[in-house]
1. Within the bounds of the range A:57-69, is there any residue that is under 14 Å from the mean Cα position of the chain (by Cα), over 26 Å from A:I12 (Cβ atoms) and either assigned to a loop (DSSP other than H, G, I, E, B) or modelled with pLDDT under 95 (or both)?
2. Being under 11 Å from the mean Cα position of the chain (by Cα) and modelled with pLDDT of 95 or more narrows it down to one of B:L109, B:L91, so name that one.
3. With the range B:11-71 as the region, which strands (runs of 3 or more DSSP E) entirely inside it contain at least 1 residues that are at the interface with another protein chain (Cβ under 10 Å from one of its Cβ atoms) and surrounded by 18 or more Cβ atoms within 10 Å (Cβ to Cβ)?
4. Would the range A:25-34 turn up any residue that is within 11 Å of another protein chain (Cβ to nearest Cβ), aromatic (F, W, Y) and closer than 27 Å to B:P8 by Cα?
5. Which one of these does B:R81 not meet: (1) loosely packed, with under 14 Cβ neighbours inside 10 Å; (2) in contact with a Cys (Cβ under 9 Å, 6 or more places away or on another chain)?
6. From (1) within 14 Å of chain A (Cβ to nearest Cβ); (2) in contact with a Leu (Cβ under 7 Å, 6 or more places away or on another chain), pick out the condition that doesn't hold for B:S75.
7. Give the residues of the range B:84-109 that are surrounded by fewer than 14 Cβ atoms within 10 Å (Cβ to Cβ) and over 24 Å from B:H29 (Cα atoms), sorted by residue number.
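The values are calculated or read from the model by the stated rules, or taken from the named source; none is laboratory data. Predicted model only: the values in this text are computed from it and were never measured. Cβ placement follows ideal geometry from the backbone for every residue including glycine, while neighbour counts extend to all protein chains displayed.
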Amino acid sequence: QQQVKQSPQSLIVQKGGIPIINCAYENTAFDYFPWYQQFPGKGPALLIAIRPDVSEKKEGRFTISFNKSAKQFSLHIMDSQPGDSATYFCAAREKGGTSYGKLTFGQGTILTVHP
Amino acid sequence: GAGVSQSPSNKVTEKGKDVELRCDPISGHTALYWYRQSLGQGLEFLIYFQGNSAPDKSGLPSDRFSAERTGGSVSTLTIQRTQQEDSAVYLCASSPQTSPQYFGPGTRLTVL
C-alpha cells in the first residue's frame, strides 16, 4: 500500500525554469511533511518541511504549497540551476502512536536541469 | 558538527552469509531510524528506536533482520542468511526527537 504518491517520476527543465513535484496522501494521521534532496551516492538531505496548519512555506528558492483539504502538497524550485539536478523525495510523518516519527516516503522524482 | 556516519560504505557478501551494518548517530539525538532504499526506489522504513522505549520493528521484512541500539547511541542492523533480494542501500537517520531526521551516507549491500 503506497501511502504517499509522488509524481512525476522524472522531470527535465532548462536553467531558470520552475520544476514542480507533486505528492498526495490518504492518511489523515500525517502531521509533518518534509522534502529531501538526494545526490547520487549520498544520503537524503532535508530540504524544507511543512506542517498542515500552513498553506505555503518558502526557504530560499524552494517553496512548499500545501492543500489540506485535497491532501496534496508540492515542491516548487524557483530559478532552477544545474546544481539542483538530483532526486527529490516527499515524505510524511504520522502523529502519535507507536509509529510516531516514522517517515513514509514517496517514490522519488529525478530532476535534471539543463544549462 | 559531525553528522550521521555509517560503516562500511560498501559490503559485498555471498548468499547465505550474515552481515552487520553500523550506524553512529549525531551526538545527543534520541531517535534513530533504519531505512532501506532499493535501486531506483523510495525509502522503506525498517525500524525505529526512541530513547529507552521498545523499538518499533514494524518495517522489518522478515525475521532474518534484527537491530539493536547500545547505550542509546550506536546501532547495528544485522541481516542473517542474506538473500539476493536484500541487496540495497541501507540508510540510517537520527533526530533530536522525531524530526527533523538527518541521514547518513548509507551502506550499499550487494548479495551475490
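1. No; the residues of the range A:57-69 include none that is under 14 Å from the mean Cα position of the chain (by Cα), over 26 Å from A:I12 (Cβ atoms) and either assigned to a loop (DSSP other than H, G, I, E, B) or modelled with pLDDT under 95 (or both).
2. Testing whether each residue is under 11 Å from the mean Cα position of the chain (by Cα) and modelled with pLDDT of 95 or more leaves just B:L91.
3. Hits in the range B:11-71: B:31-37, B:43-50.
4. There is no residue in the range A:25-34 that is within 11 Å of another protein chain (Cβ to nearest Cβ), aromatic (F, W, Y) and closer than 27 Å to B:P8 by Cα.
5. Looking at each condition in turn, B:R81 falls short on (2).
6. That leaves (1) as the condition not met.
7. B:Q84, B:E85
Each row is one residue, and each column tells you yes or no for (1) closer than 30 Å to B:I47 by Cβ; (2) assigned to a strand (DSSP E or B); (3) not basic (K, R).
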position	(1), (2), (3)
A:A24	yes, yes, yes
A:Y36	yes, yes, yes
A:K42	yes, no, no
A:A49	yes, yes, yes
A:H76	no, yes, yes
A:S80	no, no, yes
A:G83	no, no, yes
A:T87	yes, yes, yes
A:A92	yes, yes, yes
